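Remarks on the structure that follows.
Quick note: the coordinates plus some simple rules give every number you see, no bench work behind them. None of these values were measured; they are calculated from a predicted model. Cβ placement follows ideal geometry from the backbone for every residue including glycine, while neighbour counts extend to all protein chains displayed.
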Amino acid sequence: MDQQIKDLINKEEKRQKELVHLIPSENFVSEEVAMVLGSCLTNKYAEGYPGKRYYQGNEFIDEVESLAIERGKKIFGVEHLNVQPYSGSPANSAIQMALLERGDKICGLKLSAGGHLTHGHPKITFSGKFFESVQYDVEEDGRIDYDKLEQLVLQEKPKMIMAGTTAYPYVLDFKRFGEIADKVGAWLVADVSHIIGLIVGEVHPSPTPYVHLIMSTTHKSLRGPRGAFIGITKKGLEKSKELFGDELEIAKKIDRAVFPGLQGGPHENNIAAMAVCFAEADTQEFKDYAAQIVKNAKILADTLRNNGLKVFGTENHLMVVDVGLERGKEIAIKLEQNGIVVNANTIPHEQGSPFKPSGIRLGTPAMTTRGWKEKEFEELGNRMAKIINSN
Ligand code: DSN
């Protein structure tokens, strides 16, 4: 094997094994997922969809992708599933490309409040450049005020609302989001990339009954390969019938936007690994894992708070800790020097900037996979507080 790459992989493996990993969007896949990712499926081109490919030789690939679709539809409770998006950003771009026209209005949570770049972040992103973006914020306590969101939506009448987060430590009220979107006839997309493992594990309410589309990455709390899916709910099919006279038109639009709209050949090794991950998530063991993620996050947040730190959250897998004006990066570096890997993050109503934020974001999915429980997280919280509080 290429010695230089082999050495680097070995070093990274050691780093992953020996340090404490608290970046909430990271996890450790099973050996089977890793093996399938490295399989011969990576060699095959399969532009198109099962049964309708532009290349010969896809009889087994078709079965692989169909299996991923069937398993995913079952655990996410959706009517149609596209498993080809390379990751979350292309998946959100595909949804927007499929259902919006250039200049249409899109409404998402501000990046600094825990939203995502693809939810209409102005000027520099696809969603912020091609669409008119109106953004909602969180309150001083870090929570979304749904009455304020409703006022904004009634006033601005966006064509699409993104209900999704990357650093929001509270349960999302998808029912309320649904009622608000319905008042102006907006498409409602749940970007559940962070919390999909908790939803499948039944420790966070599912958006399925209330939204038209569900988008998620598969490599965060779901513990699968890098990749994403777009699911269409029953409510999505109904809106399609109402708008386009055909309930399946929305599925055609989404599929066409993914391929050939934005992507070429799907990464079938990732799709096969998704199928494995979906089966792993459809077990009691995974439900226990999801419940433990939430218990671990709660004890970590409580321990940090008991040590005098200001913590936003938590009701899910993550929390944001206020470590002082513009000190996020410095504290993240200090923690890493002590073997604890986190990421610097903005806090609600940030006075610093995304480059010099005042917080750190912590999550429990990865170390819960490693078998950590309340005892380990309480010890860790006390140790982290000492490091953070030492000048
Ligand atoms: N970069 C991801 C995260 O860390 O939350 C979101 O895309």
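Here are the numbers for the structure shown:
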| quantity | calculated |
| --- | --- |
| Helices (runs of 4 or more DSSP H) enclosed by region 211-285 - at least 3 residues per element that are touching an Asp or Glu at 6+ places or on another chain (Cβ under 9 Å) | 234-244, 268-281 |
| Subset of region 119-148 [touching a strand residue (DSSP E or B) at 6+ places or on another chain (Cβ under 8 Å) and either within 16 Å of the ligand (Cβ to nearest atom) or closer than 21 Å to Leu362 by Cβ (or both)] | His119, Gly120, His121, Ser127, Val138, Asp141, Gly142, Ile144 |
| Filtered residues of region 1-43 (kept if more than 16 Å from the ligand (Cβ to nearest atom) and either surrounded by 17 or more Cβ atoms within 10 Å (Cβ to Cβ) or of a type in the set (Gly, Ala, Ser) (or both)) | Val20, Val29, Ser30, Val33, Ala34, Val36, Leu37, Gly38, Ser39, Leu41 |
| Out of Pro85, Pro158, sole residue that is in contact with a Phe, Trp or Tyr (Cβ under 7 Å, 6 or more places away or on another chain) and either touching a residue at least 40 places away in the same chain (Cβ under 8 Å) or aliphatic (A, V, I, L, M) (or both) | Pro85 |
| Qualifying residue in region 175-194 (condition: outside any strand (DSSP E or B), in contact with a Ser or Thr (Cβ under 7 Å, 6 or more places away or on another chain), within 26 Å of Ser30 (Cβ to Cβ) and away from the ligand (no atom under 16 Å from the Cβ)) | no |
| Boolean, Thr165 is surrounded by 24 or more Cβ atoms within 10 Å (Cβ to Cβ) and in contact with a Gly (Cβ under 8 Å, 6 or more places away or on another chain) | yes |
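Residue-wise test of (1) buried (at least 19 other Cβ atoms within 10 Å of the Cβ); (2) more than 30 Å from Gly359 (Cβ to Cβ); (3) among the charged types (D, E, K, R).
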residue: Glu238; (1), (2), (3): no, yes, yes
residue: Ile254; (1), (2), (3): yes, yes, no
residue: Pro260; (1), (2), (3): no, yes, no
residue: Phe278; (1), (2), (3): yes, yes, no
residue: Thr283; (1), (2), (3): no, yes, no
residue: Gln292; (1), (2), (3): yes, no, no
residue: Leu300; (1), (2), (3): yes, no, no
residue: Gly313; (1), (2), (3): yes, no, no
residue: Leu335; (1), (2), (3): yes, no, no
